[in-house]
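To start, the structure under review is shown below, and the notes come after it.
The values are calculated or read from the model by the stated rules, or taken from the named source; none is laboratory data. Fair warning: this is a prediction, and the values are worked out from it, not measured in the lab. Backbone-built Cβ (ideal geometry, glycine too); neighbour counts: all protein chains shown. Side chains included, ligands, DNA and RNA excluded: accessible areas come from the protein's heavy atoms. Shrake-Rupley method; radii C 1.70, N 1.55, O 1.52, S 1.80 Å.
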Amino acid sequence: MARTASFDRQVALDSAVELFWSRGYYATSMKHIEKALDMRPGSLYATFGSKSGLFAEALDAYASRSSDDFKQISDNAESVVDGLQRYLRSFAQPCNDDARMPAQACMLIKTLLEVNAEDAALRAQVDAILANVEKRLCQALERAKVMGELRAEVDCPRLARLLQTQIIGLRSFSERNVPSDQLTALADDMAAILDAYRVR
């Protein structure tokens with residue numbers, strides 16, 4: 001039985017995420033894309049319009065997967081703060097790991113550092129995705145305040161920005177060839193930031 005077009009598109013996007021994550025946007029040629037997605041040039045252009053169009057869809061697919069990961073971690077946690085700390089610790093996985101798909105935020109941070117002003121639309125897309133991540137963090141922090149887990153005076157937008165800064169830093173640092181136990185320790189330190197804001 002033939003696969004549906006929507007399934008084929010998702011398979012193609014998953015392959016594109018893996019390809020762009022491993023090679024970067026500029027180092028990925030149309031030949032690389034044709035081979036990775038097993039598509040002819042005509043089909044690629046008809047489906048995605050251009051290399052930048054495919055990359056934009058791959059970024060959205062990756063962001064959606066990261067959002068799902070955040071929700072799953074949060075839903076399985078004992079408390080809001082516990083869920084946030086588990087989420088922060090999830091960034092200990094190296095970006096250059098051998099896993100098939102990139103670790104959380106790897107592709108976003110790589111793109112943020114790589115894409116230049118000539119590709120303003122892609123840069124704006126990454127900025128918008130990261131703004132949504134910050135918004136999710138802020139909403140979770142606000143919930144934690146409502147639940148009495150964080151002190152009433154906590155500035156949730158400011159704390160969300162601090163956490164995102166830590167995430168971006170850790171993701172950038174993980175591009176180095178450093179032992180995984182160092183990344184784990186740093187992720188633990190990042191998660192421990194929230195302890196200073198808990199209700200005692």
| query | Using Cα pairs under 8 angstrom and six or more residues apart, how large is the relative contact order of region 51-197, in percent? | reply | 33
| Can you list the cysteines of the chain that have no other Cys Cβ under 4.7 Å away? | C138, C156
| request: Would you list which lysines come within 28 Å of K110, measuring only between C-alpha atoms, while excluding same-chain residues fewer than 8 positions from it? | output: K31, K35, K51, K71, K135
| note | Once amide hydrogens are built 1.01 Å from N within the peptide plane, the residues lying 5 or more places from L150 or on another chain with amide H under 5 Å from its amide H are K145, V199
| message | Distance between the C-alpha centers of region 19-88 and region 156-197? Whole Å please. | response | 22
| message | Which of the three applies to region 10-113, rounded, prolate or oblate, going by the alpha-carbon gyration tensor with a ≥ b ≥ c and a/c under 1.5 meaning rounded? | response | prolate
| field | Highest-first arrangement of 71-80, 46-55, where packing means the average Cβ count within 10 Å | value | 46-55, 71-80
| From the square roots a ≥ b ≥ c of the eigenvalues of the alpha-carbon gyration tensor of region 138-200, which class results: rounded (a/c under 1.5), prolate (a/b over b/c), or oblate? | prolate
| request: Would you check the accessible area of M30, probe 1.4 Å, heavy atoms only, in square angstrom rounded to 10? | output: 50
| task | Hey, can you find the accessible area per residue of the chain for me, probe 1.4 Å, expressed in square angstrom? | result | 53
| remark: With every protein chain in place, the accessible area of K135 for a 1.4 Å probe, in Å² rounded to the nearest 10, comes to 120
| Is it possible to state the helix-based mean residue ellipticity at 222 nm for the chain, with each DSSP H run of 4+ residues giving -39500 (n - 2.57), the sum divided by total residues, to the nearest 500 deg cm²/dmol? What is it? | -22500 deg cm²/dmol
| query | Taking all protein chains as present, what is the carbon and sulfur share of the accessible area of the chain, in % to the nearest whole number, probe 1.4 Å? | reply | 51
| field | Solvent exposure ordering (accessible area, 1.4 Å, most first) of Y87, Y26 | value | Y26, Y87
| Cα centre as origin, Lys/Arg/Asp/Glu Cβ charges: region 1-76 dipole, Debye | 340
| message | Net charge around D155, counting only other residues with Cβ within less than 14 Å of its Cβ (Lys, Arg = +1; Asp, Glu = -1)? | response | +1
| task | Rank A140, A36, L163 by how far each Cα sits towards the positive end of the charge dipole of the chain (+1 on Lys, Arg Cβ; -1 on Asp, Glu Cβ) and give me just the farthest. | result | A36
| message | In Å, what Kirkwood hydrodynamic radius results for region 70-173 from the alpha-carbon pair distances? | response | 14.8
| remark: Around L137 (Cβ within 14 Å, Cβ-to-Cβ, excluding L137; K/R +1, D/E -1) the net charge comes to +4
| message | Taking the Kirkwood radius as the inverse of the mean 1/r across Cα pairs, report the Rg/Rh of the chain. | response | 1.02
| field | Given charges at beta-carbon only (K, R positive; D, E negative), |dipole| of region 54-200 in Debye | value | 360
